[in-house]
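Notes follow once the structure below has been shown.
The values are calculated or read from the model by the stated rules, or taken from the named source; none is laboratory data. The model shown is predicted, which means the values in this text are computed figures rather than measured ones. Cβ: placed from backbone, ideal geometry, glycine included. Neighbour counts: every protein chain shown. These accessible areas exclude ligands, DNA and RNA; they are computed on the full protein's heavy atoms, side chains included. Shrake-Rupley method; radii C 1.70, N 1.55, O 1.52, S 1.80 Å.
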Amino acid sequence: MSYLDANATEPLRPEARAAAIAALDLAGNPSSVHAEGRAARRVLEAAREAIARRFGPGAVVFTAGGTEANALAIRGLAAGRRVLVGATEHPAVLAAATGGVTLPVDGRGIIALEALEAALLEGPALVCLMAANNETGVLHPIAEAAALCRDAGALLHVDAVQAAGRVTLPEAGDSLALSGHKLGGPKGAGALLLRGGLEPAPLIAGGGQERGRRGGTEPLPAIAGMAAAAEAPMPDLAPLRDALEARLRIIAPEIVIAGDGAPRLPNTSCIALPGAAAETQVIALDLAGVRVSAGAACSSGKVARSHVLAAMGWGELAGCAIRVSLPWNATAEDVERFVEAWAAMRARLSRRAA
Ligand code: PLP
């Protein structure tokens with residue numbers, strides 16, 4: 001089996017597993033004042049420091065995942081501001097930014113900075129821009145967007161869920177959303193990093209945890225695992241990804257790679273094979289032991305038309321695109337298995353079409 005669906009969730013890293021298991025044995029609640037509580041608190045605060053060391057500087061608020069971190073930033077900071085949101089943002093961001101103004105992207109999927117600049121002229125704003133797109137891996141120019149926001153007195157929220165741990169994040173933006181399971185940690189933890197003393201209105205009030213920013217006992221095993229995953233080194237996956245794309249282009253010059261020529265995550269390829277439905281491709285590859293996804297896999301098994309590819313100007317071809325996203329432990333053998341399975345699938349489909 002070759003698991004090539006890391007953008008849906010990364011395989012658990014051994015460091016993360018060890019840290020999560022150790023935290024499972026801590027009996028105390030991090031908010032309790034007794035010795036067991038203090039022991040749990042130490043693990044929680046060490047995790048907070050590790051996240052800030054890796055992605056900071058800033059205040060770290062632990063959440064249940066990337067969706068909640070984005071929602072906390074957007075719903076919590078939007079008061080009195082127009083929300084400006086990139087057209088290719090994740091549904092988690094689009095849902096939290098409902099009623100906001102959509103900013104277009106170009107054919108490569110990169111935010112149109114001139115549209116952002118123009119929209120910023122119209123009053124106080126909260127801009128929501130992802131560092132890397134989950135479907136195509138395309139990177140937005142966050143540093144440039146941050147400079148425009150700074151000049152206009154606007155806030156910039158960066159959804160760094162896919163970029164964190166895979167590329168160096170620019171130290172830009174007022175808030176940053178992270179997700180533990182996309183880093184190779186357990187599912188169930190995320191974080192919002194806040195810079196410049198920002199205080200979003202809490203989504204969940206409760207017992208005053210996370211300095212009143214997020215009520216509820218912190219999921220310590222998932223948080224400890226997330227921090228350990230964040231500290232683990234990331235192998236350079238670009239050579240494997242480039243080799244995969246080069247092989248496919250030789251086998252099938254008709255393929256189209258989304259965001260080709262744009263800066264992209266080193267692990268992601270969104271590949272369209274004209275005339276071949278994405279679902280058919282995903283099933284054929286699954287039967288051959290290769291796990292990939294069609295469109296955005298975060299949408300609970302449903303394969304909807306990709307709003308990302310639509311925003312990039314794709315028509316019918318969007319229905320023929322699969323996403324290959326290499327995990328931290330991908331090998332040359334995984335690439336080989338994928339290429340062989342994909343070539344066999346393509347040959348079968350073209351025989352059927354003939
Ligand atoms: N933002 C992006 C860019 C994502 O890709 C995802 C999940 O795929 C999320 C946010 C949501 O993160 P989570 O699954 O941790 O809620």
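Quick notes on this structure:
- Overall shape: oblate for the chain, with the ratio a/c of the largest to smallest alpha carbon gyration tensor axis at 1.5 or above and b/c at least equal to a/b.
- Surface accessible to a 1.4 Å probe, per residue, for the residues of the range 14-230, Å²: 38
- Rolling a 1.4 Å probe over the protein heavy atoms of the chain, with every protein chain left in place, gives an accessible area that is 57 percent carbon and sulfur.
- Look at the Cα gyration tensor of the range 1-112: its axes a ≥ b ≥ c give a/c of at least 1.5 with a/b at or below b/c, and that counts as oblate.
- Cα-based shape type of the range 246-337, given that a ≥ b ≥ c are square roots of the gyration tensor eigenvalues and the cut on a/c is 1.5: rounded
- Positive minus negative residues near PHE62 (Lys, Arg vs Asp, Glu; Cβ under 10 Å): 0
- Solvent-accessible area of HIS157 with every protein chain in place, 1.4 Å probe, in Å² to the nearest 10: 0
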